[in-house]
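Notes follow once the structure below has been shown.
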Amino acid sequence: MNLVVRDVPRGRGIASGEFRNAMRHLTGGVSVITAGRGSDISGMTVTSVASLAIQPPTLTVAINLKASTLPLIRRYGAFGVNILSGEQTDVAECFTGKDGHKGAERFAGSSWTTGAFGVPLLAEALVAIGCELEEIIERHSHVIALGRVVHLAASQGNTALAYWRGEYITIERNSDT
Ligand SMILES: Cc1cc2nc3c(=O)[nH]c(=O)nc-3n(C[C@H](O)[C@H](O)[C@H](O)COP(=O)(O)O)c2cc1C
């Protein structure tokens, strides 16, 4: 695996700003990752959740090494993935930490239940998933966390929240389809 990484040519002159601008065109589904137990909790908004394998049910999420949620994921060995509905832009904004709220303060404006390993799960998420941490792979500024799905609660909601070109966008299923 590492041999493959070493074979990738480096320094081909793609500036990070150019790469960031290009990635603005990639539409991302918005989720809130949660971790911790009791009052020792935090969470963060992400677009990097991806399904890795169906059998066993496994997903990945890319997390900045500086994110305050990461130490909680490592400490408790678990995390929650709350896929947001189109009506939950306010939840997404709150969990970016832009308003200065930290840790448990971020949970105050919405309803939460407790999933496996004590992880907080958003009561009105489009889908709420509890994961046991399987592995953490560090690369550059981020880690890739692999989560084994141990709990799943899907709603019947008809809207989803996406992020595209720096804006939240509500995706709505046409009721005729
Ligand atoms: C739409 C959107 C998507 C984001 N996706 C990610 C992501 O995939 N991974 C990540 O590390 N940070 C992502 N962030 C940034 C985190 O939400 C933010 O850095 C984090 O909540 C800060 O947490 P802290 O104050 O607890 O360290 C995203 C932000 C936004 C607005």
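Values in this text are rule-based calculations from the coordinates and carry no lab data. Only a predicted model underlies this, so the values are computations on that prediction, with no experimental measurement involved. We place every Cβ from the backbone using ideal geometry, glycine too, and count neighbours over all the protein chains shown.
Given an 8 Å cut-off on Cα distances and at least 6 residues of separation, report the relative contact order of the chain as a percent.
On the way: 358 pairs, mean separation 45.2, N = 177.
Taking the mean separation of contacting Cα pairs over the length of the chain, I get 26 percent.
Could you please report the charge total around residue 115, scoring K, R as +1 and D, E as -1 over all other residues with beta-carbon less than 14 angstrom from its beta-carbon?
On the way: positive: 37, 148; negative: 132.
Computed value for this residue: +1.
I need the phi-derived Karplus couplings for segment 95-106: 6.51 cos²θ - 1.76 cosθ + 1.60, θ = phi - 60°, integer Hz, Gly and Pro marked x.
Running phi through 6.51 cos²θ - 1.76 cosθ + 1.60 with θ = phi - 60° gives 8, 7, x, 4, 7, x, 6, 10, x, 4, 4, 5 Hz.
Between 119, 46, 143, where does the largest GNM mean-square fluctuation fall for the chain, given springs only between Cα atoms within less than 10 Å?
Answer for the Gaussian network model of the chain: 143.
Grab the other residues whose beta carbon is less than 14 angstrom from that of residue 166, score K and R as +1, D and E as -1, and report the net.
In short, +2.
Nearest 500 deg cm²/dmol is fine: what mean residue ellipticity at 222 nm does the chain get from its DSSP H runs of n ≥ 4 alone, each adding -39,500 (n - 2.57), divided by its residue count?
Details: 4 runs with 28 residues, N = 177.
The helix contribution divided over the chain gives -4000 deg cm²/dmol.
List the pair-distance distribution P(r) of segment 27-165, using every Cα-Cα distance, as the percent of pairs falling in each 5 Å bin from 0 up to the bin containing the longest distance, rounded to whole percents.
Result returned by the calculation: 2, 11, 22, 25, 23, 12, 4, 0.
Extending each Cα 7 Å along its Cβ direction at residue 123 and residue 90, get the distance between those two points in nm, one decimal.
Here the modelled spin labels are 1.4 nm apart.
If we count every other residue with Cβ under 15 angstrom of residue 97's Cβ, Lys/Arg +1 and Asp/Glu -1, where does the sum land?
0
Would you kindly state how much longer the chain becomes between residue 52 and residue 173 on full extension, computed as 0.36 nm times their sequence separation minus their alpha carbon distance, in nm to one decimal?
41.0 nm
Can you give the FRET efficiency for residue 159 and residue 15, using 1/(1 + (r/R0)^6), R0 = 45 Å, r = Cβ-Cβ distance, to the nearest 0.05?
That pair, residue 159 with residue 15, gives E of 0.80.
Could you tell me which of 39, 68, 127 has its Cα farthest along the dipole of the chain towards the positive end, charges placed at Cβ (Lys, Arg +1; Asp, Glu -1), taken about the Cα centre?
Farthest towards the positive pole: 68.
Springs between alpha-carbon atoms under 10 Å, Gaussian network over the chain: tell me which of 161, 122, 152 tops the mean-square fluctuations.
Greatest mean-square fluctuation among the candidates belongs to 152.
What nm distance separates the two modelled labels at residue 25 and residue 98, each placed 7 Å from Cα along Cα→Cβ?
2.4 nm
Rounded to the nearest 20 Debye, what is the dipole magnitude of the chain about its Cα centre when Lys and Arg each give +1 and Asp and Glu each give -1 at the C-beta?
About 680 debye.
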